[in-house]
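Asks: My questions all concern the structure below.
Computed from the coordinates by the stated procedures, all read-outs in this text should not be read as laboratory data. Remember, it's a predicted structure, so these values are computed and weren't measured experimentally. Here the Cβ is made from the backbone with ideal geometry for all residues, glycine too, and neighbour counts use every protein chain on show.
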Amino acid sequence: MQFIDLAQQQKRIRANLEKRIQAVLDHGQYIMGPEVLSLEHTLGEYVGVEHALACASGTDALLLALMAYGVGPGDVIFTTPFTFMATAEVIALLRAVPVFVDIDPVTFNMDPVQLEKAIHALRRRDSTTHPLPEGLLGEATEARGIMPVDLFGLPADYGPILALAESHDLFVIEDAAQSFGGERNGKKACGLAHIGCTSFFPAKPLGAYGDGGMCFTRDSGLQDTMLSLRIHGQGNNKYENLRIGINGRLDTLQAAILLEKFAIFPDELERRQEVAQRYREMLRAGGVRVAVPEVPPGYTSAWAQYSVLAPDAQSRETFLAALRAGGIPSAIYYPTPLHLQPAYRFLGYSSGDFPVSEDCAGRIFSLPMHPYLTREQQEQITAVLCSVKVP
Ligand SMILES: *Cc1c(COP(=O)(O)O)cnc(C)c1O
C-alpha cells in the first residue's frame, strides 16, 4: 500500500502526458514556453482570480509574495508554528521576524483569537499576554502582515483574520501549499487573501513531476511586481533590472505535466472527498480511539493529508506500531512545531509557548490519502486502527 499513490494516477493519463512532453520537446521553449502561460490562465480561472504567476516552488511563491510587499528587516509577519518549515523560513530569509500564533485544536489552523492577542502584545511590546521574540523587537519593528496556513488542505478562518488585517493595516498571504482545490464559503483556496501561494511538489493535491508553485492575486500592482521579481527584477526588457529579484520560473515541462494532471483534478478532488467521508464513517463505526478531522460548515478540504489525533503521545506509538505491523504506511506532520526547531532558536521561544501546537505535534499522525485509495484498503486500515486498545 502507498501513502500517496502517484503510479495509479500516471497509469490513467500516461498517454496524454507523453503527448504533452513530446510537444515541449518539439517546440523547444524550455523556459517560459506557451504551457506556462496556459497553466497560469487555466489555474487563475479555476481559482477565480485575475492574476496567476507560475514559479519554481511553493517556497518561492511565498518568497515572491513577501518580496512584492517589500518585506525586510524590521518587519513582523504573524504565522503559525504548526506547519512545514518553509512557511516561516521565507520570513526569516528576508531578515523579517516571524511572530508565531497558536492554532485552533480542531482545524489545526491559525486561531484568530490568539492572532488578535499577538497583534496587541506586539503593539505594547508586552510578552506577558502573548509570547513574542522579544530580543528581536527593536524600536522600529512593525507588524506588516499575516501568513495563515491552510493546513492539510483545509482553508484557515479568513473571516476574522481579514477583519483584523483590515483594522491593523496588515496584508494577508495565504499559504495554500496544501489546499489547492479547497473552498471557504464558495470561494476557492488560493483566492482567500491578498495573495495566495500554492505548491506543485509531487505529493501535493495538484503535483508536478518536480518542483513548482504559483501565486494568485486580484491586485494587478502586486502581480506586476511579482512578474518582475520572478526573473531577476526585470523591467521592460531582458537587460533592464528594476529591483533585486530571484530566478523563480516554473519549467515549461512541469507546466505541460500540470496541464494534463489538472484535466483530471476536479474528478480526483471528488474522489478525495469520498475517501475522507469513508474514513470518517468506518473509523466512527469501528469505535476508534482517535479524533477524526472535522471540516467546519461552509468549508471544503482538499485533503492533502488525512490527519487524526491519538489520545496521547504514548498511544500514538501504539497506533503507529499496529499500522507498521499491518504493512500500512503512515506519517507524522509535524512532530516538532517550528518554535522548537533548532533553526528558529534565534527567536528565543521556549517549550510551553504554544501549547495547542505542542499538544497536537505529540499526538497527530496521518493515514494514507489519495484519490485512488479503495474501500478495501480503507477497510484494512480502519480494521487495524479499531483493533488498537488504548487506555
Ligand atoms: C509544501 C509546503 C510548502 C513549500 O512548498 P515547496 O513546493 O515544497 O517549496 C510551504 N508551505 C506548506 C504548508 C507546505 O506544505
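Asks: Could you tell me the center-to-center distance, by alpha carbons, between segment 138-164 and segment 212-241 in angstrom?
Replies: The distance from the Cα centre of segment 138-164 to that of segment 212-241 comes to 23 Å.
Asks: Give the shape of the chain as rounded, prolate or oblate, defined through the alpha-carbon gyration tensor: a ≥ b ≥ c are the square roots of its eigenvalues, a/c under 1.5 means rounded, and otherwise the shape is prolate if a/b is larger than b/c and oblate if not.
Replies: Oblate, since a/c reaches 1.5 and b/c is not below a/b.
Asks: Which of the GluC sites (Glu not before Pro) across segment 265-310 are loop residues per DSSP, with 16 or fewer other Cβ within 10 Å? Don't skip to the answer; put the middle values down first.
Replies: Details: sites: 268, 270, 274, 281, 294; in loops: 294.
When the GluC sites (Glu not before Pro) of segment 265-310 are filtered for loop state and at most 16 Cβ neighbours within 10 Å, 294 remain.
Asks: Assuming 0.36 nm per residue, please report the length gained on full extension of the stretch residue 7 to residue 244 beyond their Cα-Cα distance. Spell out each step's value before the answer.
Replies: Details: separation 237, 0.36 × 237 = 85.32 nm, distance 4.03 nm.
Going from the current span to full extension adds 81.3 nm.
Asks: Are there GluC sites (Glu not before Pro) in segment 129-208 that DSSP marks as loop and that have at most 13 other Cβ atoms within 10 Å, and which are they?
Replies: Of the GluC sites (Glu not before Pro), the ones in loops of segment 129-208 whose Cβ has at most 13 other Cβ atoms within 10 Å are 139.
Asks: So, one more: Return the distance in nm (one decimal) between the two label points of a simple spin-label model at residue 134 and residue 32, each offset 7 Å from Cα along Cα→Cβ.
Replies: 5.0 nm
Asks: If the limit is 26 Å between Cα atoms, which of 19/187; 117/204; 188/238; 11/204 go over it?
Replies: Listed pairs above 26 Å: 19/187; 117/204; 188/238.
Asks: First check a/c for segment 184-224, with a ≥ b ≥ c the square roots of the eigenvalues of its C-alpha gyration tensor; if it is under 1.5, answer rounded, and if not, answer prolate when a/b is larger than b/c or oblate otherwise.
Replies: oblate
Asks: Let me ask you something else. About the Cα centre of segment 12-64, what is the dipole size in debye to 20, counting +1 per Lys and Arg Cβ and -1 per Asp and Glu Cβ, all else neutral?
Replies: Value, rounded to 20: 320 debye.
Asks: Which loop trypsin sites (Lys or Arg not before Pro) in segment 161-261, with loop taken from DSSP, have no more than 12 other Cβ atoms within 10 angstrom of their Cβ? Intermediate values should be presented prior to the final figure.
Replies: Values: sites: 184, 187, 188, 218, 230, 238, 243, 249, 261; in loops: 218, 238, 243, 249.
Taking segment 161-261 and a limit of 12 other Cβ atoms within 10 Å, the loop trypsin sites (Lys or Arg not before Pro) found are 238.
Asks: From the phi of every residue in segment 147-154, what ³J(HN,Hα) in whole Hz does the Karplus formula 6.51 cos²θ - 1.76 cosθ + 1.60 yield, where θ is phi - 60° and glycine or proline is x?
Replies: 10, x, 10, 8, 5, 6, x, 8
Asks: Tell me which residues come under 5 Å, amide H to amide H, from residue 76 once H is placed; ignore anything under 5 positions away on its chain.
Replies: Here 97, 142, 143, 144, 145 satisfy the definition.
Asks: Counting only residues 5 or more places away or on other chains, whose amide H sits under 5 Å from the amide H of residue 306 once H atoms are built in the peptide plane?
Replies: 367
Asks: Which of the three applies to segment 291-352, rounded, prolate or oblate, going by the alpha-carbon gyration tensor with a ≥ b ≥ c and a/c under 1.5 meaning rounded?
Replies: The shape class here is oblate.
Asks: Quick one: work out the % antiparallel among DSSP beta bridges in the chain, nearest 5.
Replies: 60 percent
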